Amino acid sequence: MPRIEDAEGVDPTAPAPTHRESRGSLPIPGDISGNTVEVPATRSSISDAAQFMHNLSFAPSSRDRRASRNSFGTSLPIPRSPRVSRLSSVVTRDVSRDILASQVQDMSKEKVAAAKNMAFAFDIDGVLAHGNHAIPQAKEALKMLNGDNELGIKIPYILLTNGGGKTEEARCAQLTEVLDCPISTDQFIQSHTPMQALAEYYETVLVLGGEGQKIREVAENYGFKNVIHPKDIQAWDPTVSPWSTLTEEEKAEAKPRDFSQVKFDAILVFADSRDYQTDMQLIMDLLLADDGKLLTRAKDPVASRIPIYFSQGDLLMPTDHKGPPRLTQGLFRISIEAQYKALTGVDLERVVYGKPERATYTYADEVLKSWMEEIHNENKLPENIYMVGDNPASDICGGNMHGWNTCLVRTGVFQGGDNDDNNPANFGVFPNVLEAVKAAVRKELGQEFKFKWNPKVNPVLHSENASAVE
Ligand code: G3P
Ligand code: MG
């Protein structure tokens with residue numbers, strides 16, 4: 001077949017190149033029919049990505065003692081103490097059972113002290129659930145920690161997820177149903193929960209991500225005074241996003257106004273984008289604007305750029321999809337970083353919350369302390385905390401760096417061998433959450449500890465040296 005060798009044109013008399021010769025490093029599949037002309041590329045076939053990568057795009061690693069994607073010296077504000085809801089409903093009241101349990105506990109003081117001196121932090125996606133389906137062993141693990149054990153005692157646990165996109169109340173109601181177990185907002189942290197602290201710093205914010213416009217309510221609950229959703233801007237000027245059209249429902253929910261008069265203080269990405277094109281366009285518009293004013297372009301985008309925050313940095317997430325894990329917010333962020341660098345030539349300074357970031361784990365300690373107060377009336381942080389996660393680069397890396405025990409499970413992102421190379425779980429790798437919980441409880445409370453409450457237990461026989469009546 002003819003081939004254009006250079007800009008001069010085709011040499012029809014030249015011998016046809018072999019299949020490999022004609023295709024360079026990127027082979028084109030299929031038979032050559034003779035009706036096409038192959039024109040050599042003027043650009044390298046190697047991806048341009050490297051030159052646009054942010055210098056912090058690599059995955060955190062506890063081996064390298066770097067559990068952050070943020071620049072050294074960046075501060076991540078978190079609330080001084082967690083908001084405690086007055087509506088907590090997880091403390092079950094079965095008086096006769098409680099009396100019996102407290103008698104049993106009186107006879108086993110050492111084990112009780114050990115039970116109150118341990119706690120779990122559970123990742124959700126890939127550990128407790130896949131999308132809206134519970135991982136079967138999770139229900140049993142939580143039931144056991146909620147008191148279905150030989151002491152009838154609650155072993156404290158919190159849920160620490162990089163997910164987000166709806167209010168803590170809405171997500172806990174959903175999880176209560178999925179896990180068949182009451183989950184309180186007081187034991188729950190999603191990626192953007194600690195970001196409520198930013199409401200003290202920024203008034204007018206563009207908030208992105210999540211289903212519909214639910215994220216608006218999240219930001220308003222956190223105390224941001226002036227919350228703007230991308231659909232508000234699109235409803236004001238549909239031309240901001242050339243390929244996206246608002247549905248009637250979106251228009252009805254949107255809150256358009258004259259955004260040419262608004263000065264944005266910050267951009268907050270709280271969850272996965274559902275409209276990459278519009279969200280990327282608006283983020284780029286604001287990052288390149290003169291001091292957060294739409295329709296403007298800064299002379300020096302770095303000097304007058306408003307800050308951008310991402311709620312978490314995971315690249316992949318497990319879902320109920322049967323194939324490999326799906327792309328998530330970290331890859332959206334990397335695309336934004338690359339676009340910004342391609343357009344300005346400089347790295348985008350940004351802040352990434354979520355696991356494995358220290359701010360998230362520091363906040364988790366505060367939540368655990370106040371949860372201890374709620375279930376055991378003791379405002380203290382247990383000494384033996386176990387993080388159970390499926391993502392080595394977030395759950396395990398952060399847990400390792402925070403001095404927690406870490407358990408990696410095989411029900412989510414991690415699909416490797418004996419342990420993860422860069423972020424090895426220090427307590428071990430387990431087939432699922434139930435096995436991890438049992439191993440941790442046995443370590444703290446003894447190998448013989450029974451994972452079942454016996455309603456016929458005789459407290460007199462149930463002492464440190466006598467087991468419950470079967
Ligand atoms: O990465 C996105 C999110 O789905 C991860 O959630 O619970 O595994 O931290 P989780
Ligand atoms: Mg997970």
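The values are calculated or read from the model by the stated rules, or taken from the named source; none is laboratory data. Remember, it's a predicted structure, so these values are computed and weren't measured experimentally. Neighbour counts run over all protein chains shown; Cβ positions are idealised from the backbone, glycine included. Just the protein is used for accessible areas: all its heavy atoms, side chains included, with ligands, DNA and RNA removed. Shrake-Rupley method; radii C 1.70, N 1.55, O 1.52, S 1.80 Å.
Looking at segment 293-319 only, could you name the residues that are outside any loop (DSSP other than H, G, I, E, B) and either within 16 Å of ligand 2 (Cβ to nearest atom) or open to solvent by 30 Å² or more (accessible area, probe 1.4 Å) (or both)?
Within segment 293-319, K293, L316, M317 qualify.
For segment 199-231, which positions are of a type outside the set (F, W, Y), touching a Phe, Trp or Tyr at 6+ places or on another chain (Cβ under 9 Å) and crowded, with 19+ Cβ neighbours inside 10 Å?
If the condition is that a residue be of a type outside the set (F, W, Y), touching a Phe, Trp or Tyr at 6+ places or on another chain (Cβ under 9 Å) and crowded, with 19+ Cβ neighbours inside 10 Å, then A199, V205, L206, V207, L208, G209, G210, I215, V218, A219, I228 are the ones that fit.
Residues checked against (1) among the hydroxyl-bearing types (S, T, Y); (2) within 16 Å of ligand 1 (Cβ to nearest atom); (3) farther than 25 Å from I99 by Cα:
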residue: I155; (1), (2), (3): no, no, no
residue: T161; (1), (2), (3): yes, yes, yes
residue: Q196; (1), (2), (3): no, no, yes
residue: Y202; (1), (2), (3): yes, no, yes
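Against the definition (aliphatic (A, V, I, L, M), within 16 Å of ligand 2 (Cβ to nearest atom) and buried (at least 20 other Cβ atoms within 10 Å of the Cβ)), how does V409 come out, yes or no? Spell out how you get there, then give the answer.
Numbers: aliphatic (A, V, I, L, M): yes; within 16 Å of ligand 2 (Cβ to nearest atom): yes; buried (at least 20 other Cβ atoms within 10 Å of the Cβ): yes.
Answer is yes for this residue.
Given the conditions (1) under 26 Å from the mean Cα position of the chain (by Cα); (2) touching a residue at least 60 places away in the same chain (Cβ under 8 Å), which single one is not true for K450?
Among (1) under 26 Å from the mean Cα position of the chain (by Cα); (2) touching a residue at least 60 places away in the same chain (Cβ under 8 Å), the lone unmet condition for K450 is (1).
Looking only at helices (runs of 4 or more DSSP H) that lie completely in segment 320-431, which have at least 3 residues being away from ligand 1 (no atom under 14 Å from the Cβ)?
Those helices (runs of 4 or more DSSP H) span 329-344, 358-376.
State whether one or more residues within segment 212-224 are among the hydroxyl-bearing types (S, T, Y) and within 19 Å of the chain's Cα centre (by Cα).
So far as segment 212-224 goes, yes, one or more of its residues are among the hydroxyl-bearing types (S, T, Y) and within 19 Å of the chain's Cα centre (by Cα).
Looking at segment 273-287, is at least one residue of a type in the set (S, T, N, Q) and in contact with a helix residue (DSSP H, G or I) (Cβ under 6 Å, 6 or more places away or on another chain)?
Yes; the residues of segment 273-287 include at least one that is of a type in the set (S, T, N, Q) and in contact with a helix residue (DSSP H, G or I) (Cβ under 6 Å, 6 or more places away or on another chain).
Do we have any residue at all in segment 438-455 that's outside any helix (DSSP H, G or I) and crowded, with 20+ Cβ neighbours inside 10 Å?
Yes, the conditions are met somewhere in segment 438-455.
Checking the conditions here, which among T185, T204 is more than 16 Å from ligand 2 (Cβ to nearest atom), at pLDDT 95 or above, in contact with a Cys (Cβ under 8 Å, 6 or more places away or on another chain) and closer than 30 Å to V351 by Cβ?
Sole residue among the options that is more than 16 Å from ligand 2 (Cβ to nearest atom), at pLDDT 95 or above, in contact with a Cys (Cβ under 8 Å, 6 or more places away or on another chain) and closer than 30 Å to V351 by Cβ: T185.
Taking segment 273-305 as the region of interest, how many residues are in contact with a Lys or Arg (Cβ under 9 Å, 6 or more places away or on another chain) and aliphatic (A, V, I, L, M)?
5
Could you list, in sequence order, all residues of segment 246-277 that are free of Cβ contacts under 8 Å to residues at least 40 places away in the same chain, assigned to a loop (DSSP other than H, G, I, E, B) and among the hydrophobic types (A, V, I, L, M, F, W, C)?
The one that is free of Cβ contacts under 8 Å to residues at least 40 places away in the same chain, assigned to a loop (DSSP other than H, G, I, E, B) and among the hydrophobic types (A, V, I, L, M, F, W, C): L246.
Please determine, by comparing only the residues of segment 52-63 that are out of contact with any helix residue (DSSP H, G or I) (no Cβ under 8 Å at 6 or more places or on another chain), surrounded by fewer than 17 Cβ atoms within 10 Å (Cβ to Cβ) and under 24 Å from F310 (Cα atoms), which one is modelled with the highest pLDDT. First the steps, then the outcome.
Initial filter on segment 52-63 (out of contact with any helix residue (DSSP H, G or I) (no Cβ under 8 Å at 6 or more places or on another chain)): 55-56, 58, 63.
From the residues that got through so far, the ones that are surrounded by fewer than 17 Cβ atoms within 10 Å (Cβ to Cβ) too are 55, 58, 63.
Pick out the ones that are also under 24 Å from F310 (Cα atoms) and you get 55, 58.
Working: N55: 82, F58: 76.
That would be N55.
Kindly indicate which of Q137, Q190, Q196 is open to solvent by 10 Å² or more (accessible area, probe 1.4 Å) and under 26 Å from V352 (Cα atoms).
Q196
Would you mind telling me which numbered condition in (1) within 14 Å of ligand 1 (Cβ to nearest atom); (2) open to solvent by 40 Å² or more (accessible area, probe 1.4 Å); (3) closer than 15 Å to S184 by Cβ A170 fails?
So A170 meets the others, but not (1).
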